[in-house]
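Here's the structure, in structure tokens; my notes come after.
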Amino acid sequence: MSFLTSYRLRWQRKRWRARALRKGRELQPVADRTKNIAPKDVLLFCTFRNEDIRLPFFFDYYRKLGINHFLMIDNGSEDDGPAFAQEQPDVSLWRTDAPYGDARYGVDWLTYLQGKYADGHWALTVDVDEFFVYPFCDTRPIRALADWLDASEVRSFGAMLLDMYPKGPVGQTSYERGDDPFATASWFDPGNYFMTQNKLLKNLWIQGGPRARSFFATKPKQAPALNKIPFVKWRKPYAYVSSTHMMLPRGLNLVYDQQGGEKTSGILLHAKFLNTFGDRATEEAKRGEHYRKGQEYKTYAERHGTDPDLWCQWSEQYINWRQLEVLGLMSKGNWA
Amino acid sequence: MSLGVIMLVHTDFDRAEQLVRHWADAGCPVVVHVDSNVAQATYDRFEKSLADLADVRFSARHRCEWGTWGLVAASQEAATLLLEDFPDVQHAFLASGACLPLRPIADLRRYLDAHADTDFIESATTADVPWTVGGLDRERFTLYFPFAWKKHRRIFDVFVRIQQMLRYRRNIPEGITPHMGSQWWCLTRQTLDAILRDPNRQTYDAYFQKVWIPDESYYQTLTRLHARKVESRSLTMAKFDYQGKPHIFFDDHAELLQRSKSFVARKIWRDADLLYHKFPLPVDPVSADDEPVSGAVDRVFSQAVERRTLGRSGLYMHSRFPSIDRQTNIAAAPYAVLQGLDDIFPEFQPWLTRQTGAQVHGHLFAKDRAHFADDSEVYRGGLSDNARLRDYHGKMFLTNLIWNGRDEHHCFQFGPADTQEIRWTLAKDTNASIWVVSGAWSIPLFASGRSASDVRAEAARLQRTEDKFLKVLRSPDARARIKIMTLAQFIEAPMDVLQTIIDEIAGHRGNALTEVPQMADLTGLPDFLQDLKNQGMHPFLTGDITTGNTQPTRSLPRRKPYVISGK
């Protein structure tokens, strides 16, 4: 049984890799600076579409963490985002106008680039609205985390997606280009996440938070998944299976301890709920390119018009990673 | 000149150069050993970068793989060179390229001058310390280990297993008792010389070449043969995690390191510029004679080990997910489950809140919604009262509720009309105390004023459900504190039971009952139950309810005895 399963998963992984090679042909290099990548550099992989307003803060944030090189895919943006990204000296940019949904929501393109450039590197794979927080991220660069994980012989690092939202209707915030999104969207749900284990791929399937509470309470099964494995010491044969939720080989999904201990883990602060959200939801619901044909966005559009207020009296205001650690949303684990 | 340094280097040569210069500047001769795996060009560059220092030597290179003999061979080679070339050296200090002196090296030299006869080497017998990782303690001295653990893990394991099956045991050379400890030592010239010139050295070397991790046992064992005075501790502060891997120090450890007053610390992160800039500290006559105190560092790192191995009980999150079903402590804190009491006392919930100050919830698992203590739609931590969302993962609804509010005692009402999926979780949780008054569901049915024939089916359903719950609670797997009584038993002496519940919830803060909750009017209940029986539905869980025991009780509240209850 276990032999058959691992054989099946092996073929699944090879299929994803082959598919990525095929889909990789859809990418056209716009600015290829990958020859600047040094052997120990920490890389960031990201797909974006019409995110000009978010890109400046995104680059700032991750440069401060110590990302050495950004490998970005522009999926048919119509704004100035690509031009801005192209100018950055530490960015390599590809462009494709192929449908997002057909490339498994961008995963195929990313898998292609990761296989080509990330072998032997620590690679962080995030969306433009996801901001990585790990223990000691205010005093230690991401390279320190990478080196420590190397020394501890850990290959993958888990982080939960934490939805951040403002106090008051989402549409009434006014996010400007370059702003810190967490200046307004500074609130989060501290303790309403629930999880089950995926028996086949061994990853945890986590749901909950403000979206489950406000939009999906009556159909919890459809609530978005919050488990992520964004930071991986990449090897050529690896592949993400569904977004960055789970990976193959499945050993990489074991970012949690099952004996009662806590592994070191982080958080992806999710700056989705800003005034940009309403238009996005309407647009993406129409486009139907996202997971389950954009079902999630349709729910948003139906449920609260497009201007939900997610704040409640038990919302917590974000301070720093130590607060998240105390609340039990992430863990220092063995790192001191 | 009294102190000489042996430095083993295999990577990060710019940092190594910086460290060699620290030692050399303080007047210590240094013998550097570079791993033979390092490319010749890198080695040449490194050698050249130190060419201006007169008292730096490079010893013949060996291959230094973790846990292999090469590390011992390298230090032997370097030590021989050090003792030959620098006759003034009285103490030899073994360091690596990631060992940073924290205090002025002059402090260390003074300290060693004051302990001229002492060998500082951590050295303990295997029988007495549980340090080893992987279960090989005594066996690392009695089996053969020709394969590298890091590279050929499988062959290593198989080979060990075969020897264990054959009950093979190597002979330990006569005269030595295996000791082990940190590989970073500081030995006197006399001891080191005696080890290197021992007439039996060939025998010992041959033996230790096939011992597992000889660099942690070679000097540690042989020092015991020759030393005049052994201080079994290392002057190099190194902390190890639960897998035996060294902890790494970063810039934000600067203060911790300074307070430790250790002479040397490892491992320092390669890019910890602040640490490399700050240490070694400048000479300070006030603290020059301080002894090292590693208490604070020990605390920080043992907390980390505890967090990694034990974790926070009752927390389920994306990097701690023990199987809920296999745990004995499921929730994070003690809580109480009360079944039937709110049927008997209509105002039970507010009354219990007043008596105990605990968070008293209504029916958390009611079919319509979760009835939180404050009857809000969203409760602490952002828990929704939505029944479907709650039942989607009832166990984690409970563990989340308790984790979020673990600073308070939680109680909630439960009953056969509620969603029942949670019952095994409750029964198995040692943190739960469950109080059941069985058959109390008959009171609301009776009070509804409907006839026995109308409520017969519902009564039967409730009784069946409650009976299943009781079976769960009475199963051998149930680990909660469980108290089950029938309605008849309860109304015999209700105040005694209430007092016990309050004492348990409120602990020492509980008062003697000053206020008694109003019991529902039970006049006529026996007739109602008899009617049910006449319909063919025997309410066996209520116990024997008679007209006699349903009269309003007038028992006086019992005064609380002076007993120190343990909460």
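The values are calculated or read from the model by the stated rules, or taken from the named source; none is laboratory data. These numbers were taken from a predicted model, which means no experiment stands behind them. Methodologically, a virtual Cβ is constructed for each residue, glycine included, from the backbone with ideal geometry; neighbour enumeration extends over all protein chains shown. In case anyone asks, the SASA skips ligands and DNA or RNA and just uses the protein heavy atoms, side chains included. Shrake-Rupley method; radii C 1.70, N 1.55, O 1.52, S 1.80 Å.
Pull out all pairs, ordered by first then second residue, where Cβ-Cβ is under 7 Å, the residues are six or more apart or on different chains, the first lies in region B:524-537 and is within 14 Å of B:D454 (Cβ to Cβ) and in a helix (DSSP H, G or I), and the second is open to solvent by less than 20 Å² (accessible area, probe 1.4 Å) and at pLDDT below 90.
Here the result reads B:F528/B:A452; B:D531/B:A452; B:L532/B:A452; B:L532/B:P539, each pair linking region B:524-537 to a residue that is open to solvent by less than 20 Å² (accessible area, probe 1.4 Å) and at pLDDT below 90.
Kindly state which strands (runs of 3 or more DSSP E) lie completely within region B:45-128 and contain at least 3 residues that are within 18 Å of B:T236 (Cα to Cα).
B:91-96, B:118-120
For region A:30-74, which residues satisfy the criterion of being aliphatic (A, V, I, L, M) and more than 14 Å from A:A118 (Cβ to Cβ)?
A:V30, A:A31, A:I53, A:L55, A:L65
Just the residues that are open to solvent by 20 Å² or more (accessible area, probe 1.4 Å) and small (G, A, S), please, taken from region A:36-80.
Answer for region A:36-80, where residues must be open to solvent by 20 Å² or more (accessible area, probe 1.4 Å) and small (G, A, S): A:A38, A:G66.
Answer yes if at least one residue in region B:386-405 is hydrophobic (A, V, I, L, M, F, W, C) and more than 28 Å from the chain's Cα centre (by Cα), and no otherwise.
Checking region B:386-405: at least one residue is hydrophobic (A, V, I, L, M, F, W, C) and more than 28 Å from the chain's Cα centre (by Cα).
Given (1) of a type in the set (A, V, I, L, M); (2) at the interface with chain B (Cβ under 8 Å from one of its Cβ atoms); (3) surrounded by 22 or more Cβ atoms within 10 Å (Cβ to Cβ), where does A:A223 come up short, assuming only one miss?
Unmet condition: (2).
Going by the structure shown, is A:G115 closer than 29 Å to A:D257 by Cα, within 11 Å of another protein chain (Cβ to nearest Cβ) and open to solvent by less than 10 Å² (accessible area, probe 1.4 Å)?
Numbers: closer than 29 Å to A:D257 by Cα: yes; within 11 Å of another protein chain (Cβ to nearest Cβ): no; open to solvent by less than 10 Å² (accessible area, probe 1.4 Å): yes.
Answer is no for this residue.
Just give me the residues in region B:332-346 being surrounded by 20 or more Cβ atoms within 10 Å (Cβ to Cβ), among the aliphatic types (A, V, I, L, M) and out of contact with any strand residue (DSSP E or B) (no Cβ under 7 Å at 6 or more places or on another chain), in sequence order.
Correct list: B:A332 only.
Test A:E262 against the criterion of being of a type in the set (D, E), open to solvent by less than 10 Å² (accessible area, probe 1.4 Å) and modelled with pLDDT of 90 or more, and give yes or no. Steps first, please.
Working: of a type in the set (D, E): yes; open to solvent by less than 10 Å² (accessible area, probe 1.4 Å): yes; modelled with pLDDT of 90 or more: yes.
Yes, satisfied.
Out of all the residues in region B:306-330, which are more than 24 Å from A:G209 (Cα to Cα) and not acidic (D, E)?
B:R307, B:R308, B:T309, B:L310, B:R326, B:Q327, B:T328, B:N329
If I filter region B:354-377 down to residues being in a helix (DSSP H, G or I) and surrounded by 15 or more Cβ atoms within 10 Å (Cβ to Cβ), which single residue comes out as nearest to the other protein chains (Cβ to nearest Cβ)?
Step one: filter region B:354-377 for residues in a helix (DSSP H, G or I), giving B:354-356.
Next, only the ones that are surrounded by 15 or more Cβ atoms within 10 Å (Cβ to Cβ) stay: B:355-356.
Values: B:Q355: 26, B:T356: 23 Å.
Going through the qualifying residues, I end up with B:T356.
Among residues belonging to region A:284-317 that are within 14 Å of chain B (Cβ to nearest Cβ) and open to solvent by 30 Å² or more (accessible area, probe 1.4 Å), point out the one that is modelled with the lowest pLDDT.
Among those residues, the one meeting the criterion is A:R303.
Among residues belonging to region A:126-143 that are in contact (Cβ under 8 Å) with a residue 12 or more places away in the chain and within 19 Å of A:K263 (Cβ to Cβ), point out the one that is nearest to the other protein chains (Cβ to nearest Cβ).
Among them, the one singled out is A:F136.
So which residues in region B:382-410 are among the aromatic types (F, W, Y) and open to solvent by 20 Å² or more (accessible area, probe 1.4 Å)?
B:Y392
Within region B:396-411, is even one residue closer than 30 Å to B:I545 by Cβ and not in a loop (DSSP other than H, G, I, E, B)? Spell out the reasoning first.
Pass one, region B:396-411, residues closer than 30 Å to B:I545 by Cβ: B:411.
If we keep only those that are not in a loop (DSSP other than H, G, I, E, B) too, we end up with B:411.
Scanning region B:396-411, I find at least one residue that is closer than 30 Å to B:I545 by Cβ and not in a loop (DSSP other than H, G, I, E, B), so the answer is yes.
Scan (1) in a helix (DSSP H, G or I); (2) at pLDDT 90 or above for the single condition B:D496 breaks and write down its number.
(2)
Output the residues belonging to region B:281-335 that are free of Cβ contacts under 8 Å to residues at least 60 places away in the same chain and of a type in the set (V, I, T).
If the condition is that a residue be free of Cβ contacts under 8 Å to residues at least 60 places away in the same chain and of a type in the set (V, I, T), then B:V286, B:V293, B:V300 are the ones that fit.
Before we move on, is A:D163 in contact with a His (Cβ under 9 Å, 6 or more places away or on another chain), open to solvent by 20 Å² or more (accessible area, probe 1.4 Å), closer than 26 Å to A:W314 by Cα and more than 10 Å from chain B (Cβ to nearest Cβ)?
no
Yes/no matrix, rows are residues, columns are (1) part of a helix (DSSP H, G or I); (2) at pLDDT below 95; (3) among the charged types (D, E, K, R); (4) buried (at least 17 other Cβ atoms within 10 Å of the Cβ):
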site: B:A417; (1), (2), (3), (4): no, yes, no, yes
site: B:E421; (1), (2), (3), (4): no, yes, yes, no
site: B:L426; (1), (2), (3), (4): yes, yes, no, yes
site: B:S433; (1), (2), (3), (4): no, yes, no, yes
site: B:A440; (1), (2), (3), (4): no, yes, no, yes
site: B:I443; (1), (2), (3), (4): yes, yes, no, yes
site: B:F446; (1), (2), (3), (4): yes, yes, no, yes
site: B:G449; (1), (2), (3), (4): no, yes, no, no
site: B:S453; (1), (2), (3), (4): yes, yes, no, no
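Within region A:238-249, is there a residue that is free of Cβ contacts under 8 Å to residues at least 40 places away in the same chain, more than 10 Å from every other protein chain (Cβ to nearest Cβ) and not aromatic (F, W, Y)?
No.
When region A:226-281 is examined, which residues are found to be in a loop (DSSP other than H, G, I, E, B), among the small types (G, A, S) and more than 26 Å from A:G101 (Cα to Cα)?
A:G260, A:G261 - these are the residues of region A:226-281 that are in a loop (DSSP other than H, G, I, E, B), among the small types (G, A, S) and more than 26 Å from A:G101 (Cα to Cα).
Which residues, taken from region A:169-197, are within 14 Å of another protein chain (Cβ to nearest Cβ) and touching a Lys or Arg at 6+ places or on another chain (Cβ under 9 Å)? If you could, list the steps in order and put the result at the bottom.
Applying the first criterion (within 14 Å of another protein chain (Cβ to nearest Cβ)) to region A:169-197 yields A:187-197.
Of everything in region A:169-197, those that are within 14 Å of another protein chain (Cβ to nearest Cβ) and touching a Lys or Arg at 6+ places or on another chain (Cβ under 9 Å) turn out to be A:W187, A:D189, A:P190, A:G191, A:N192, A:F194.
Does region B:374-384 contain any residue that is within 23 Å of B:W441 (Cα to Cα), under 36 Å from the mean Cα position of the chain (by Cα) and aliphatic (A, V, I, L, M)? Step through it out loud before you land on a result.
Step one: filter region B:374-384 for residues within 23 Å of B:W441 (Cα to Cα), giving B:375.
Filter again for under 36 Å from the mean Cα position of the chain (by Cα), leaving none.
Checking region B:374-384: not a single residue is within 23 Å of B:W441 (Cα to Cα), under 36 Å from the mean Cα position of the chain (by Cα) and aliphatic (A, V, I, L, M).
Within region B:241-330, considering only helices (runs of 4 or more DSSP H) that don't extend past its boundaries, which have at least 1 residues that are of a type in the set (A, V, I, L, M), facing another protein chain (nearest Cβ under 7 Å) and open to solvent by 40 Å² or more (accessible area, probe 1.4 Å)?
B:295-309
Cβ-Cβ under 6 Å, sequence separation 6+ or interchain: first residue in region A:145-159 and within 15 Å of B:A304 (Cβ to Cβ) and at the interface with another protein chain (Cβ under 10 Å from one of its Cβ atoms), partner open to solvent by 10 Å² or more (accessible area, probe 1.4 Å) and among the β-branched types (V, I, T). Which pairs?
A:W148/B:I248
Within region B:90-118, track down each residue that is of a type in the set (K, R) and closer than 19 Å to B:R21 by Cβ.
Residues of region B:90-118 of a type in the set (K, R): B:103, B:109-110.
Those that are of a type in the set (K, R) and closer than 19 Å to B:R21 by Cβ: B:R103, B:R109.
Would you check if A:Y256 is open to solvent by less than 10 Å² (accessible area, probe 1.4 Å) and hydroxyl-bearing (S, T, Y)?
When the stated conditions are applied, A:Y256 passes them.
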